[in-house]
Amino acid sequence: MPPTSNIKNGQDLVLRDINRLKQKITFNNVPPFYHAVSTSLGLAEGMFRYGFENSLDGLLDQSNWNATTLEAKKGPLDSIEFTHGPRLSIYKVFTHRGFEVHCIPWMKNQEIDREVINHPDMEFKRWVPSSMKVLFRIAQLHTFIQSYFDIGDEADLELIKYAHNISEDFIDDLHKKLNVVKVHGISIRSLFDVMEKKHKAGEDFYLPKVYDFSDQ
């Protein structure tokens, strides 16, 4: 049985310490699944904290902002000054790939989840979902959480806690850098709580539905 599964309790550990704890518990025989999730989380942390392969660069590139739609003004030496960036919605979702943070742009009063190039009403000149939508991913986290309830240990729980904390810190940081007008979806903590209740009741768990813009 796993330890008490309350991800709200306990002193927060950093990823390095969690990995050391896992090595101690397993006598340096760390399971491949744990290693894969930890590595994915490390890559996400590097992107967020240290700017490695930063997925925000394309969104923050003002040369891709529509100055007309955003009512920008001319500055010194023919520069363009924006008072705010393009509007974005942030979605916290679990897909078959794992936990992801998506951003969805707006056009007039509607969120747009498709490619749009040089549309006069679009606040980005080019919006390409394949390269711009997914900002953050922790691969196979939902499957890892499910396995925690069956065979998990203290280090697994700490890794889940850390994944929740860094993802929420990442979303908080988005508010400082982007024009976020909406945050929607389920957090890692919330999904953990739902999965725990299902596990204790002996019920099957299904991933929540991802947002649907099929009427566009």
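When D172 is tested against (1) without any contact (Cβ under 8 Å) to a residue 40 or more places away in the chain; (2) under 23 Å from K22 (Cα atoms); (3) within 16 Å of the chain's Cα centre (by Cα), just one condition goes unmet, and that condition is (2).
Flag: S79 does not match the condition of being hydroxyl-bearing (S, T, Y) and in contact (Cβ under 8 Å) with a residue 60 or more places away in the chain.
One residue stands out among those in the stretch 86-107 that are modelled with pLDDT under 95 and in a loop (DSSP other than H, G, I, E, B): the one that is farthest from the chain's Cα centre (by Cα), which is H96. So which residues in the stretch 108-141 are in a strand (DSSP E or B) and touching a Phe, Trp or Tyr at 6+ places or on another chain (Cβ under 6 Å)? The answer is V116, F136, I138.
Just one of the listed residues (V210, V183) is assigned to a loop (DSSP other than H, G, I, E, B), β-branched (V, I, T) and touching a residue at least 40 places away in the same chain (Cβ under 8 Å), and it is V210. The one condition from (1) open to solvent by 60 Å² or more (accessible area, probe 1.4 Å); (2) modelled with pLDDT under 95; (3) out of contact with any Phe, Trp or Tyr (no Cβ under 6 Å at 6 or more places or on another chain) that L207 does not meet is (3). Checking each residue in the stretch 113-123 for being open to solvent by less than 80 Å² (accessible area, probe 1.4 Å) and under 20 Å from S63 (Cβ atoms) picks out V116, I117, H119, D121, M122, E123. Scanning the stretch 73-112 for residues being open to solvent by 30 Å² or more (accessible area, probe 1.4 Å) and either farther than 21 Å from M132 by Cα or of a type in the set (S, T, N, Q) (or both) gives a total of 11.
Based on this model, can you work out whether L59 counts as under 23 Å from the mean Cα position of the chain (by Cα) and in contact (Cβ under 8 Å) with a residue 12 or more places away in the chain?
Details: under 23 Å from the mean Cα position of the chain (by Cα): yes; in contact (Cβ under 8 Å) with a residue 12 or more places away in the chain: yes.
Against the criterion (under 23 Å from the mean Cα position of the chain (by Cα) and in contact (Cβ under 8 Å) with a residue 12 or more places away in the chain), L59 qualifies.
The values are calculated or read from the model by the stated rules, or taken from the named source; none is laboratory data. Everything quoted here is computed from the prediction, not taken from an experiment. A quick note on method: Cβ atoms are made from the backbone with ideal geometry, for glycine too, and the neighbour counts reach across all protein chains shown. Areas reflect the complete protein model, heavy atoms only, side chains present, ligands, DNA and RNA absent. Shrake-Rupley method; radii C 1.70, N 1.55, O 1.52, S 1.80 Å.
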